[in-house]
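Here's the structure we're looking at; comments come further down.
The values are calculated or read from the model by the stated rules, or taken from the named source; none is laboratory data. Because the structure is predicted, anything quoted here is derived from the model rather than measured. Glycine also receives a Cβ, built like all others from the backbone with ideal geometry; neighbour counts cover every protein chain displayed.
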Amino acid sequence: MKFDVTPELASLLKTMRARNRVSSKDVAEHIGKSPSYLSKLEGGSVQTIERDQLRRMLTFIAGSDDFYGVVLPDVANLLFASVGGRYVSQAWFLQFDFIERPVVVSAEMSQDMRNNFEALGVDVAQITDYINANVDSEASESFPANQAISMEFDGSYRFIMRIEFEISDVEQVLSGHEVKVPYLVAYNVAHKMFRMQRHPGVMTKLPPDDAIALLSATADYMDRWNIHSLGGFAHYLASGEFASYQLPLVSSQGGVVDRVAAQLSDLVERDSLNAISELNTFLDTLDWDPAFACKVLGLPFAALGAMSFANKKQLIEELYGVVNRYASMDELERKMESY
């Protein structure tokens with residue numbers, strides 16, 4: 001299996017190596033290549049790289065043999081810092097994270113899915129055939145099985161893959177016991193469970209609204225059992241890093257909550273109608289996308305008092321620009337963007 005060497009991958013390799021103070025000569029020797037090859041690779045002159053070679057490089061540079069538990073999460077943090085949501089263009093990362101990374105399916109989760117499928121009256125062979133039909137991706141048999149492929153379409157990238165499981169793969173997930181399986185297997189068994197429940201007998205690609213609802217239901221279900229892809233924001237919400245951001249509000253800076261409550265009480269006494277409106281706005285704000293909200297909370301707005309008028313004006317104009325661009329989208333464009 002070979003991956004395209006994207007500019008992001010080339011930059012990541014160079015950044016990791018510099019951060020961990022690993023010489024290019026040592027990396028080259030470890031993978032059996034010349035220093036000039038590594039220089040070309042990090043410079044973006046090498047077009048493709050073998051899967052196993054890339055994994056050896058990342059493991060060596062990170063200094064850990066725990067590829068999926070230590071190395072890949074570290075890679076994910078560096079990657080997202082530079083590309084954010086555009087990681088879907090990085091087929092090499094999707095392969096390691098979404099397709100190959102092992103996750104633990106608890107006995108309770110396994111039994112829950114098993115009970116759901118039994119209620120639907122389908123057996124393991126039928127589930128496997130349903131998954132292998134690839135009705136959602138519509139990927140033809142010309143695509144290699146279980147391999148991430150990123151394709152550019154109308155200026156954006158899409159993740160395409162043809163799934164091919166053995167009956168034993170699905171049997172393992174539905175054994176009723178705790179098992180370790182590739183994320184791809186656990187996710188697709190859960191996804192097809194909801195598809196069979198909500199769209200029985202439908203063997204064609206779903207309309208965007210239904211597909212989005214199905215993806216959301218599957219993500220919620222996986223999150224319920226604490227299974228996340230590194231590329232999913234749910235993983236961040238479940239992490240200790242996210243929890244640490246919440247601690248100041250509820251503990252060391254608990255007075256903030258008291259002050260907000262006091263101000264709302266004061267506002268209610270002065271103007272109850274406006275107080276209700278302000279409180280509703282406040283609650284709506286809390287329902288924002290957590291990823292964006294966390295970024296906003298991380299900005300030191302209180303420290304911007306000394307900012308020049310020109311800079312403040314630019315900041316406000318850029319914020320309005322983002323909001324206006326979203327407001328000008330038609331409904332279908334918004335749904336497709338989310339999808």
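Looking across the stretch 128-151 at every residue that is at pLDDT below 85 and among the aliphatic types (A, V, I, L, M), the one that is surrounded by the fewest Cβ atoms within 10 Å (Cβ to Cβ) is identified as 151.
Go through the stretch 198-243 residue by residue and tally those that are among the hydroxyl-bearing types (Ser, Thr, Tyr) and at pLDDT below 50. So the count comes out to 2. Every listed requirement among (1) of a type outside the set (Phe, Trp, Tyr); (2) surrounded by fewer than 18 Cβ atoms within 10 Å (Cβ to Cβ); (3) in a helix (DSSP H, G or I) is met by residue 184 save one, (2). When you scan the stretch 65-87, how many residues do you find that are of a type outside the set (A, V, I, L, M) and either touching a Gly at 6+ places or on another chain (Cβ under 6 Å) or surrounded by fewer than 14 Cβ atoms within 10 Å (Cβ to Cβ) (or both)? Looking only at that region, the number is 9. Just one of the listed residues (137, 142) is part of a loop (DSSP other than H, G, I, E, B) and within 21 Å of residue 214 (Cα to Cα), namely 137. Can you name the residue in the stretch 1-33 that is in contact with a helix residue (DSSP H, G or I) (Cβ under 6 Å, 6 or more places away or on another chain) and among the small types (Gly, Ala, Ser) and, of all such residues, is farthest from residue 60 (Cα to Cα)? Filtering first and then ranking leaves 10.
One residue stands out in the stretch 24-57 among those that are touching a Pro at 6+ places or on another chain (Cβ under 9 Å) and of a type outside the set (A, V, I, L, M): the one that is nearest to residue 99 (Cα to Cα), namely 44.
Residue count for the stretch 164-178, restricted to those that are closer than 19 Å to residue 227 by Cβ and either among the hydroxyl-bearing types (Ser, Thr, Tyr) or part of a helix (DSSP H, G or I) (or both): 6. Taking the conditions (1) aliphatic (A, V, I, L, M); (2) modelled with pLDDT of 80 or more; (3) under 30 Å from residue 208 (Cβ atoms) in turn, residue 310 satisfies each one other than (3).
Within the stretch 97-134, restricting attention to residues that are assigned to a loop (DSSP other than H, G, I, E, B) and over 23 Å from residue 219 (Cβ atoms), the residue that is farthest from the chain's Cα centre (by Cα) is 121. Restricting attention to the stretch 152-177, the residues that are more than 19 Å from residue 118 (Cα to Cα) and either under 18 Å from the mean Cα position of the chain (by Cα) or at pLDDT 80 or above (or both) total 11.
Conditions (1) touching a residue at least 40 places away in the same chain (Cβ under 8 Å); (2) in contact with a Gly (Cβ under 8 Å, 6 or more places away or on another chain); (3) under 18 Å from residue 214 (Cβ atoms), marked per residue:
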| site | (1), (2), (3) |
| --- | --- |
| 89 | yes, no, no |
| 93 | yes, yes, no |
| 115 | no, no, no |
| 118 | no, no, no |
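Remark: pairs (first residue in the stretch 43-57, acidic (Asp, Glu); second residue surrounded by 12 or more Cβ atoms within 10 Å (Cβ to Cβ); Cβ separation under 7 Å; 6+ apart in sequence or on different chains) = 50/2. Restricting the stretch 1-49 to residues that are more than 14 Å from residue 91 (Cβ to Cβ) and among the basic types (Lys, Arg), the residue that is surrounded by the fewest Cβ atoms within 10 Å (Cβ to Cβ) is 21.
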